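The values are calculated or read from the model by the stated rules, or taken from the named source; none is laboratory data. The shown structure was predicted, so the numbers you read here are calculated from the model rather than taken from an experiment. Note that each Cβ is placed from the backbone with ideal geometry, even for glycine, and that neighbours are counted across all protein chains shown. For the accessible areas, the whole protein counts, side chains as well, though only heavy atoms, and no ligand, DNA or RNA atoms are used. Shrake-Rupley method; radii C 1.70, N 1.55, O 1.52, S 1.80 Å.
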Amino acid sequence: MRSAATLLALGSISAVSAAVDLSSIKHASSAKVVPGAYMVELGKPNALGRRSVVTPHSALYRSLNERGTSWDLRQEYDADDVFVGVSLNIKSDEDLKTLVQVPHVKSIKPVFLHPRPEPVSFYQPTGKNDPKLPPDTFSTHVMTGVNKLHAEGYTGKGVKVAVIDSGIDYLHPALGGGFGKGFKVSHGYDFVGDAYTGANTPVPDNDPMDCDGHGSHVAGIVGANLDANYNFTGVAPGALLGAYRVFGCDGSVSDEVLIDALIRAYKDGNDILSLSIGRPRGWTSAATAVVASRIAAKGRIVSIAAGNAGEFGSWYASSPGSGADVISVASVENTMNTLVQTITPSNGHKPIAYNSFLPLKVNGTLPIYATSADTTVADDACNPLPDTTPDLSGYVTVIRRGTCSLVTKLANAAAKGAKAMLIYDNKDEALSGIEVGNYTAALISQADGKYLVGEFAAKSGLKCTFPQTGGSKNPQGGLMSSFSTFGPTNDMVFQPSVAAPGGNILSTYPRAKGSYAIFSGTSLATPFLSGSAALLLEALGKSKSNYLNARARFQTTSSAVPYSHTDADPLQTLAQQGS
């Protein structure tokens, strides 16, 4: 039967081949590359005599010139134990053929471009003047046990973590307020300059200030100091951070720059290299993956984002996270939803949800007052409230959305003393953020608004409490983020390695952009793992075996992630959660 099936399959292939000229099918890639640019790894050249001093680079240049090759040097790399090579501009396919003929050329690969990391979701709070103060939740620390290590006094002290990203706003108070010796962000380099896009020439300098925000968010997850206003701190607040900026204010980054940053971070003595960067090219042989993996094999911890391409299914790994020896990090959802807060009705009715970065600062248990008992009124509170309106300072004032601006409605209610206000939607739709000016107010759903107005009209005596517990429980908390990329690598290496909290994560953001933000993505799970590795090294010491065994230690001590919160359901596939 097997032979018959094989013959049938071969016959089908033959039939297709007869119908289609396979040579006519174009072999093309959608991957973005730098046209005509190649990464070339070099071995040792053949010696030209006992006293001859020939470097791999000089031998290459001479060989190319002797062959009449048309080429231009883009960058040299000379890290004997990690990567020796160059990036070149090669003018034509014929010139590329002569490059292949050089005896000590070990590999030739196109120079790929890696897109700027974009969070799957983003929320920007109103900033330091937000009238709502945050409670202390640290839900991601609790779900992973980081809080227990903090309680034992471990903070990552003495560990250096390289953040290879868009730079760091090192003047942010929670990120140390300065750059250089004596500061949290103690070292680093800008490899590209503000104007770099991936399509132009980098202009490096010594100032790795972040003009994007992604790197600052990542850095805060690794090691931000405690912020007294937000009660937020990083996983390893005692660690020193290195800011290795590889993105300009816009655009992508090339393999050339990433490899340069990896080598520099390695030579600078960083214990941990954290990269929330990648593109779907999941071969272990990708240039950046090879260099990252070699650094890990030398005794450094290298954590890299698995990617946010879960929608595309298996075998969609990203590089450089496809490196054989790196820790590729998948994303788990935060157990707390920091965007959705709740109100507790006094009659046992289900909690009423509202969208807010932080709980509304409303103390005590207050009765409700609806500015209209008619839940179909189009212009509720668009005009000054009538003289019969009581002093609203002791109520939760409920107003219907529609016709005029929300701030106008809130101002009219505030004129009667209102201090806590709820706008209920005039449509049946998902909750969203609203503009409330300087008022203490939030949006609730149409259904919840109608319920409250009904209770008010019935004079039921319903009262409401605003818990200050820092968000509602996320029903997907502790499960894999749907966006988290599936492995394995294209050559069947097991990746991702492990998962960490990456869905709905609060962290630092550039001061000019509000100082704090909530992102979702494996970009945020990666620095969480990096911070955890810093705690590990502080607790166990910096022996080479602790570096080399870090991935296995995380994998063998981690908790399995279920497919859902239903007891009978299986675990999530290892292709997405790692082990």
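Only residues that are of a type in the set (A, V, I, L, M) and loosely packed, with under 14 Cβ neighbours inside 10 Å were counted in the stretch 439-463, giving 3. In the set 293, 252, 285, only one residue is free of Cβ contacts under 8 Å to residues at least 60 places away in the same chain and either among the aliphatic types (A, V, I, L, M) or under 24 Å from residue 76 (Cβ atoms) (or both); that residue is 293.
Sort out which residues of the stretch 469-479 are in contact with a strand residue (DSSP E or B) (Cβ under 8 Å, 6 or more places away or on another chain) and either among the polar types (S, T, N, Q) or modelled with pLDDT under 80 (or both), and write them in order of number. 470, 471, 472, 473, 474, 476 - these are the residues of the stretch 469-479 that are in contact with a strand residue (DSSP E or B) (Cβ under 8 Å, 6 or more places away or on another chain) and either among the polar types (S, T, N, Q) or modelled with pLDDT under 80 (or both).
Looking across 259, 272, one residue alone is in contact with a Leu (Cβ under 8 Å, 6 or more places away or on another chain), touching a residue at least 60 places away in the same chain (Cβ under 8 Å) and crowded, with 24+ Cβ neighbours inside 10 Å. It is 272.
Among all residues of the stretch 335-346, there is at least one that is closer than 30 Å to residue 409 by Cα, open to solvent by 50 Å² or more (accessible area, probe 1.4 Å) and in a loop (DSSP other than H, G, I, E, B). For the stretch 458-468, the criterion of being outside any helix (DSSP H, G or I) and at pLDDT below 90 is met by at least one residue. Would a scan of the stretch 238-246 turn up a residue that is part of a loop (DSSP other than H, G, I, E, B) and surrounded by fewer than 24 Cβ atoms within 10 Å (Cβ to Cβ)? Among the residues of the stretch 238-246, at least one is part of a loop (DSSP other than H, G, I, E, B) and surrounded by fewer than 24 Cβ atoms within 10 Å (Cβ to Cβ), which makes the answer yes. Scanning the stretch 511-542 for residues that are modelled with pLDDT under 95, crowded, with 24+ Cβ neighbours inside 10 Å and either β-branched (Val, Ile, Thr) or in contact with a helix residue (DSSP H, G or I) (Cβ under 6 Å, 6 or more places away or on another chain) (or both) yields a count of 1. All conditions in (1) part of a helix (DSSP H, G or I); (2) at pLDDT below 95 hold for residue 412, with the sole exception of (2). Among the residues making up the stretch 198-220, those that are open to solvent by 10 Å² or more (accessible area, probe 1.4 Å) and of a type in the set (A, V, I, L, M) are 199, 203, 209. Just checking, how many residues over the stretch 406-438 are open to solvent by 20 Å² or more (accessible area, probe 1.4 Å) and among the hydroxyl-bearing types (Ser, Thr, Tyr)? The total comes to 2. Tell me whether the stretch 543-553 contains one or more residues that are open to solvent by less than 60 Å² (accessible area, probe 1.4 Å) and in contact with a Pro (Cβ under 7 Å, 6 or more places away or on another chain). No, every residue in the stretch 543-553 fails to be open to solvent by less than 60 Å² (accessible area, probe 1.4 Å) and in contact with a Pro (Cβ under 7 Å, 6 or more places away or on another chain). The sole residue among 324, 297 that is touching an Asp or Glu at 6+ places or on another chain (Cβ under 7 Å), under 21 Å from residue 498 (Cβ atoms) and surrounded by fewer than 20 Cβ atoms within 10 Å (Cβ to Cβ) is 297.
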